[in-house]
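**Student:** I'd like to ask some things about the structure below.
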RNA sequence: GGUGGAGUGGCCGAGAGGAUAGGCAGCGGCCUGCAAAGCCGUCCACACGGGUUCGAAUCCCGUCUCCACCUCCA
């Protein structure tokens, strides 16, 4: 029952051996809150939510840190022509991200640090790099501090690139860099930028470069060495390469394993603003139930590219309904019997084996769907013992995947005041329909069924009576 | 130019030397007053060309196509 994961650095599936037995520390690159979240952002957060849930199920105490980068060039640029302050803009988008995560049932991370709250840790890290000879303040008067890539022999190790093979940066402004491939650790304050986006530092007032915040926050909260670093595949270079370089060059061993989630494409291409093909979280969550969105984004293997196509959500909805229908069906059948509520929540071995193997969710879902077929067959055969046992398995498997429709946040238990009134009216109509059916007045019976269907209420005639549910 | 990834049945999507992945859609049957739901069966695919092997979707060689990254990116 060793959990295995694909480590991007070694390019192989390896056993997860935590630094501290029974505990796993994960740092995930969260968003730069410069615009609204799209479905790729949701997928990324969902992937680490699934990792966290599975590792927790396996008994690990998981510390999941997912940062918010709330200061960078684009945030300042977006707010520049606006009356809105950059920090207000960043926070507004941060709230949008949070809303998207919550809607999908993504559990809050253990901590969600903002970059602007760790400026001191960044200074400390930059100073160590300067002291070690791996960073230098720019020779011009910019106040910039750069990482010296040429001084770090293993630069490029994460993505297996040689410095010499890299395309020279098309970066318009090499400013005070010794080499175009050097990257900014600290950016000197410019007169055009707001004072509120400037922090004092040993090298003059300014703000952090991109990358340094993640190194600083990862070590601040998880230690100079920790278990897993995650993020989107597109962050491998330069972001993660630079994080690795600056942290290790400063003497921090940093992450033991690097995990990268696949991206969400549209029509075979990555979403991008220039192509205008992004699907934003808010609109996506309007087009289907959030549970369906979670199922859809979570059902592919986490390292695969998801290529979104029309109809994908309809298919996900159908698959999910199969799960929901079974659970509803089995609970109704067991209700009032001595097996009501029974069925120990046991995860089948085949499911666990799949999840242990680099989070093979697609195979785990195959186990889930097989269980549902067996469960339905058991119900058809009136084998309540088997039905209850399988019910428990389905309950447990969907729970660990965060798609158990009977549990929060998906449960729509009829707790509203209107529910009993609705039930009474529907049951009255069902009684009328039964009377009509007994009298073989099927036209009248079907009229009632159609009428209920028009109101979104589905009927299910079983040997044990007619069940109804809201579609 | 460099570094990775991918091409699987009508669609989605796993697998990685020898059994049925799974879902959706379709078809046939059972059940039903008829439906719906459910069950059973069916649909036997792996970009192309060679090769290795008793056996290849899976390994090797070559070819084609697509995607991502190379200092904005989840």
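The values are calculated or read from the model by the stated rules, or taken from the named source; none is laboratory data. This is a predicted model, so every value here is computed, not measured. With ideal geometry, Cβ positions are generated from the backbone for all residues, glycine too; neighbour counts draw on all protein chains shown.
**Student:** Given the residues A:229, A:211, A:240, which is the only one that is on the phi > 0 side of the Ramachandran plot, assigned by TED's automatic domain parsing to the domain that holds residue A:116 and crowded, with 22+ Cβ neighbours inside 10 Å? Walk me through how you get there before you give the answer.
**Tutor:** Details: A:229 fails: on the phi > 0 side of the Ramachandran plot; A:240 fails: on the phi > 0 side of the Ramachandran plot.
Exactly one of A:229, A:211, A:240 is on the phi > 0 side of the Ramachandran plot, assigned by TED's automatic domain parsing to the domain that holds residue A:116 and crowded, with 22+ Cβ neighbours inside 10 Å, namely A:211.
Listed here are the residues, each with its yes/no results for (1) out of contact with any helix residue (DSSP H, G or I) (no Cβ under 8 Å at 6 or more places or on another chain); (2) modelled with pLDDT of 95 or more.
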site	(1), (2)
A:372	no, yes
A:380	yes, no
A:418	yes, no
A:423	yes, no
A:452	no, no
A:456	yes, no
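**Student:** Ok, one more. Would you call residue A:295 more than 7 Å from RNA strand B (Cβ to nearest atom), closer than 19 Å to residue A:30 by Cβ and touching a helix residue (DSSP H, G or I) at 6+ places or on another chain (Cβ under 9 Å)?
**Tutor:** Working: more than 7 Å from RNA strand B (Cβ to nearest atom): yes; closer than 19 Å to residue A:30 by Cβ: no; touching a helix residue (DSSP H, G or I) at 6+ places or on another chain (Cβ under 9 Å): yes.
Considered against the rule, which asks whether it is more than 7 Å from RNA strand B (Cβ to nearest atom), closer than 19 Å to residue A:30 by Cβ and touching a helix residue (DSSP H, G or I) at 6+ places or on another chain (Cβ under 9 Å), residue A:295 comes out as no.
**Student:** Having 3 or more residues that are more than 21 Å from residue A:55 (Cβ to Cβ) is the bar; report the strands (runs of 3 or more DSSP E) wholly within the range A:194-265 that clear it. Quick ask: steps written out before the conclusion?
**Tutor:** Numbers: elements: A:206-208, A:225-232, A:254-261.
So the answer is A:206-208.
**Student:** Yes or no: residue A:161 within 16 Å of RNA strand B (Cβ to nearest atom) and assigned to a loop (DSSP other than H, G, I, E, B)? It would help to see each step written out before you state the result.
**Tutor:** Details: within 16 Å of RNA strand B (Cβ to nearest atom): yes; assigned to a loop (DSSP other than H, G, I, E, B): yes.
For residue A:161, the condition - within 16 Å of RNA strand B (Cβ to nearest atom) and assigned to a loop (DSSP other than H, G, I, E, B) - is met.
**Student:** Would you call residue A:174 farther than 19 Å from residue A:146 by Cβ, modelled with pLDDT under 95 and assigned by TED's automatic domain parsing to the domain that holds residue A:33?
**Tutor:** Here the answer is no, as residue A:174 does not meet what is asked.
**Student:** Ok, one more. Please go through the range A:307-320 and pick out each residue that is surrounded by fewer than 14 Cβ atoms within 10 Å (Cβ to Cβ), part of a helix (DSSP H, G or I) and more than 6 Å from RNA strand B (Cβ to nearest atom). First the steps, then the outcome.
**Tutor:** Here is the first cut: in the range A:307-320, the ones surrounded by fewer than 14 Cβ atoms within 10 Å (Cβ to Cβ) are A:309-311, A:314, A:318.
With the extra rule that they be part of a helix (DSSP H, G or I), the set shrinks to A:314, A:318.
The answer is A:314, and nothing else.
**Student:** Given A:371, A:360, A:340, A:366, which one is within 7 Å of RNA strand B (Cβ to nearest atom) and either without any contact (Cβ under 8 Å) to a residue 40 or more places away in the chain or surrounded by fewer than 16 Cβ atoms within 10 Å (Cβ to Cβ) (or both)?
**Tutor:** A:366 is the lone residue from the list that is within 7 Å of RNA strand B (Cβ to nearest atom) and either without any contact (Cβ under 8 Å) to a residue 40 or more places away in the chain or surrounded by fewer than 16 Cβ atoms within 10 Å (Cβ to Cβ) (or both).
**Student:** Another question, if that's okay. Within the range A:133-143, how many residues turn out to be under 37 Å from the mean Cα position of the chain (by Cα) and assigned to a loop (DSSP other than H, G, I, E, B)?
**Tutor:** 1
**Student:** So which helices (runs of 4 or more DSSP H) stay within the range A:1-111 end to end and still have 1 or more residues that are within 16 Å of the chain's Cα centre (by Cα) and either closer than 17 Å to residue A:256 by Cα or free of Cβ contacts under 8 Å to residues at least 40 places away in the same chain (or both)?
**Tutor:** Working: elements: A:39-57, A:73-80, A:86-103.
Because the criterion is at least 1 residues that are within 16 Å of the chain's Cα centre (by Cα) and either closer than 17 Å to residue A:256 by Cα or free of Cβ contacts under 8 Å to residues at least 40 places away in the same chain (or both), the helices (runs of 4 or more DSSP H) in the range A:1-111 that meet it are A:39-57, A:86-103.
**Student:** Could you list all residues from the range A:247-285 that are within 24 Å of residue A:5 (Cβ to Cβ), more than 9 Å from RNA strand B (Cβ to nearest atom) and in contact with a helix residue (DSSP H, G or I) (Cβ under 7 Å, 6 or more places away or on another chain)?
**Tutor:** A:247, A:252, A:254, A:258 - these are the residues of the range A:247-285 that are within 24 Å of residue A:5 (Cβ to Cβ), more than 9 Å from RNA strand B (Cβ to nearest atom) and in contact with a helix residue (DSSP H, G or I) (Cβ under 7 Å, 6 or more places away or on another chain).
**Student:** Output the residues belonging to the range A:181-193 that are in contact with a strand residue (DSSP E or B) (Cβ under 7 Å, 6 or more places away or on another chain), outside any strand (DSSP E or B) and either away from RNA strand B (no atom under 16 Å from the Cβ) or closer than 20 Å to residue A:84 by Cβ (or both). Can you show your working first?
**Tutor:** Step one: list which residues in the range A:181-193 are in contact with a strand residue (DSSP E or B) (Cβ under 7 Å, 6 or more places away or on another chain), which gives A:182-189.
Restricting the remaining residues to those that are outside any strand (DSSP E or B) gives A:182, A:189.
Selection gives A:189 alone.
**Student:** Give the range A:335-365 a look and list any residue that's more than 17 Å from residue A:325 (Cα to Cα) and part of a helix (DSSP H, G or I), or say none.
**Tutor:** Hits for the range A:335-365 are A:349, A:350, A:351, A:352, A:353, A:354, A:355, A:356, A:361, A:362, A:363, A:364.
**Student:** How many residues are within 11 Å of RNA strand B (Cβ to nearest atom) and under 21 Å from residue A:464 (Cβ atoms) if we restrict to the range A:431-441?
**Tutor:** Qualifying residue count for the region: 5.
**Student:** Still on this structure, I have one more. Within the set of pairs 6 or more residues apart or between chains, which connect a residue that is exposed (fewer than 12 other Cβ atoms within 10 Å of the Cβ) inside the range A:448-468 to a residue that is assigned to a strand (DSSP E or B) with Cβ atoms less than 7 Å apart?
**Tutor:** A:456/A:470
**Student:** Would it be correct to say that residue A:397 is over 22 Å from residue A:325 (Cα atoms), assigned to a helix (DSSP H, G or I) and either within 13 Å of RNA strand B (Cβ to nearest atom) or in contact with a helix residue (DSSP H, G or I) (Cβ under 9 Å, 6 or more places away or on another chain) (or both)? Break it down into steps so the answer makes sense when it comes.
**Tutor:** Working: over 22 Å from residue A:325 (Cα atoms): no; assigned to a helix (DSSP H, G or I): yes; either within 13 Å of RNA strand B (Cβ to nearest atom) or in contact with a helix residue (DSSP H, G or I) (Cβ under 9 Å, 6 or more places away or on another chain) (or both): yes.
So residue A:397 does not fit the description; no.
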